[in-house]
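Chemist: Okay, here's the structure, questions in a sec.
The values are calculated or read from the model by the stated rules, or taken from the named source; none is laboratory data. Just so it is clear, the model here is predicted, and its values are computed rather than measured. Methodologically, a virtual Cβ is constructed for each residue, glycine included, from the backbone with ideal geometry; neighbour enumeration extends over all protein chains shown.
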Protein chains: 2
Amino acid sequence: MARTTGSDGERTEAAVREAAVNLIARYGYEAMSMRQLAAEVGVQAAALYRYFPTKEDLLFTLMREHMEGLRAAWQHARPIDADPAEQLAAYVRNHIAFHIERRHATHVSNMELRSLSPDRLTQILRLRTAYEKELRTILREGAEAAIFSIEDTGLTAMALIQMMTGVIVWFRQGERLSVTEVTATYLSMTMRLVGARMDTYSAARPLDLQRTL
Amino acid sequence: MARTTGSDGERTEAAVREAAVNLIARYGYEAMSMRQLAAEVGVQAAALYRYFPTKEDLLFTLMREHMEGLRAAWQHARPIDADPAEQLAAYVRNHIAFHIERRHATHVSNMELRSLSPDRLTQILRLRTAYEKELRTILREGAEAAIFSIEDTGLTAMALIQMMTGVIVWFRQGERLSVTEVTATYLSMTMRLVGARMDTYSAARPLDLQRTL
DNA sequence: GCGATAATAAAACGAACGTTCAATTAATTC
DNA sequence: GAATTAATTGAACGTTCGTTTTATTATCGC
């Protein structure tokens, strides 16, 4: 046997990506074998090498596209000419929505960094740092405008990102809380954490969000 | 050659544990080979099996002792008959101090859970849940006493733990910030996040901490 | 419908893996 | 100082790994 009836390169590659994200998220990059991945796709292991020259190339591609997707989502969601508080709110909403929607890909991008070669690791970290820098900028501008009360901008940014990304560890769709509720609560926690002036965010805003989201 | 001069079981086992924590933290459990571990210790791979029957037993031992150490540290550090705010402060201080001191072991316990067999995974998660439950209790009691202002106790507990544990991702001893400074900032962020009454924590307390820590 | 090309299968490669076993030597006990 | 026990080596086992090679079939352009 060789080429199978109905086979299609694009479809196969997409299936490989999706299966890889799920398998790596579940078992880890090292623990996932190329044969296991091939079986999940319904193909022989050798066929994978038509789309990705090595296993690490596959991992790198998944990570890079995830990070680029995150930046793109934020570029699209960011409000222009908004005050820091509104920008921060948009950042939180976008971050949580993006990560809940791509739980598995996030797991891969966060946990498998050590499996990348040094220069590829650098590339991914560069993307991540650029994204995080945007949060630091918002926090700094808010602090300078005396809208936020922040002791250390860099430290606060890291704390916020860890807190928000952590949602994917425990959050499951269809359980006790909806995405909207979780986002609203995280928004008010964020605003209190940065000492935002208007405590409107902890009371009034969550209702507003029903429409915004 | 066989037994080497000066060889000592206890010393070797301790060396294996330490090397294993470092190697697993750096390369991951699956990526670390028993031969690599043995070489780090200065011994042949077969010698490892005198101390740990399988590779997974080694991983499980490291994790269990880490989690038990965490609970023990908290049992020792927890204040009795203190108000919720002081208890929460003690929890934050203990959590950050413990995790910064054992960065590598924490990485292992958090990232390699998927390499455990189902029932061992359950055991570790049970320990972790018990530890997290103590934070939820503090938060609930503080909320009931109207000392804290919390929308969702469980969600807030998870957010706080993710935020605090995240310190190990970026914090390095001897760089810009000291452990004391980081802890003080995280304490004030925590107190604001839970809406603690006395904003003494965000201003006055950090100075107090120099003595407390 | 025929040639070119895209997509896959099947088999094989050497290397590395976790683990076991028998042999051997150091330390301890009596 | 002989017997016992503790600690380790070195070699080997079968398995699985990522990857390569070669052959074969489906699809598409003309």
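Chemist: Would you confirm whether or not segment B:58-69 contains a residue that is within 16 Å of DNA strand D (Cβ to nearest atom) and surrounded by 18 or more Cβ atoms within 10 Å (Cβ to Cβ)?
Modeler: Scanning segment B:58-69, I find at least one residue that is within 16 Å of DNA strand D (Cβ to nearest atom) and surrounded by 18 or more Cβ atoms within 10 Å (Cβ to Cβ), so the answer is yes.
Chemist: Here's a follow-up. Got at least one residue in segment A:34-44 being within 11 Å of DNA strand D (Cβ to nearest atom) and within 14 Å of chain B (Cβ to nearest Cβ)?
Modeler: Looking for residues that are within 11 Å of DNA strand D (Cβ to nearest atom) and within 14 Å of chain B (Cβ to nearest Cβ), one finds at least one in segment A:34-44, hence yes.
Chemist: Residue check: is B:R126 farther than 24 Å from A:E181 by Cβ, within 16 Å of the chain's Cα centre (by Cα), surrounded by fewer than 17 Cβ atoms within 10 Å (Cβ to Cβ) and basic (K, R)?
Modeler: Here the answer is yes, as B:R126 does meet what is asked.
Chemist: To continue, here is another question. Need at least 3 residues that are within 13 Å of another protein chain (Cβ to nearest Cβ) and without any contact (Cβ under 8 Å) to a residue 24 or more places away in the chain per element, so show me which helices (runs of 4 or more DSSP H) inside segment B:50-168 make the cut, counting only ones lying wholly within it.
Modeler: B:118-144, B:153-165
Chemist: To continue, here is another question. Which one is nearest to A:E112 (Cα to Cα), of the residues in segment B:4-33 that are hydroxyl-bearing (S, T, Y) and within 14 Å of chain A (Cβ to nearest Cβ)?
Modeler: Filtering first and then ranking leaves B:Y27.
Chemist: Would you call B:Y27 more than 24 Å from A:Y29 (Cα to Cα), without any contact (Cβ under 8 Å) to a residue 24 or more places away in the chain and within 11 Å of DNA strand C (Cβ to nearest atom)?
Modeler: no
Chemist: For segment A:178-196: of the residues being more than 7 Å from chain B (Cβ to nearest Cβ) and part of a loop (DSSP other than H, G, I, E, B), which is farthest from B:G195 (Cα to Cα)?
Modeler: A:S178
Chemist: Just checking, does segment B:84-100 include any residue being over 30 Å from B:A145 (Cα atoms) and either more than 12 Å from DNA strand C (Cβ to nearest atom) or at pLDDT 95 or above (or both)?
Modeler: yes
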